[in-house]
Amino acid sequence: MDTYAVAGHDNQVAWPSYSNWIDYELELVAVIGRAGRDISQDDANSHIFGYTILNDLSARDEQLKCMATSLGPAKGKDFEQSNVMGPCIVTADEIADPYALKVEVRVNDEVWSTSTGAEAHFRYNQCIAYASQAQTIHAGEMFSTGTFPNCSSLELQRIVKKGDVIELEVEKVGVLRTQIV
């Protein structure tokens, strides 16, 4: 994640001039609270300080163009304020099972989808153990297990427009609000 592309709760994010298709992705991010190296999967969750919501915005048309050339998502995932986080960090002891949390996506106050993290392809402990192999992870680093099922407009075949207000709600964490301008 480009740390210079981070924005906070209740922010307005400018639609990138090179894109005609903006999408949101609701993700729950684990924030590392204790550094470590070669962390086992059994110990990995003890390194998590807490959780926050991530709206991992995408310029889908640019992402698809870059992916077709094997460049990776590039400017499709990395544009100014494309990583919106907040509204707070909830400590890990307040969330017994992050995969059981109910989530909801609203656009302009209309519910577009609901889900849980039960179908996550990877678990935080797997991501942390893998990333810490022969490398130190530090407090403040963040890990996501990806987009919750049906929590992007691409999956729903719906379109986000300029002016839309996107609200991503995660049970026990809160609501992350972003307006696309």
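With under 12 Å from Asn125 (Cβ atoms) and touching a residue at least 24 places away in the same chain (Cβ under 8 Å) as the only criterion, which of Ser19, Ser40, Ser46 stands out?
Residue meeting the stated conditions: Ser40.
Restricting to region 128-147, give me the number of residues that are surrounded by 18 or more Cβ atoms within 10 Å (Cβ to Cβ) and either at positive phi or in a helix (DSSP H, G or I) (or both).
The number of residues fulfilling the criteria is 2.
Just give me the residues in region 90-127 being assigned to a loop (DSSP other than H, G, I, E, B), exposed (fewer than 15 other Cβ atoms within 10 Å of the Cβ) and within 17 Å of the chain's Cα centre (by Cα), in sequence order.
Ala118, Glu119, His121, Phe122, listed by residue number.
Laboratory data are not the source of any read-out in this text; all were calculated from the coordinates shown. Small disclaimer: the values here were computed from a predicted structure and weren't measured. Note: ideal-geometry Cβ built from the backbone for every residue, glycine included; neighbour counts use all protein chains shown.
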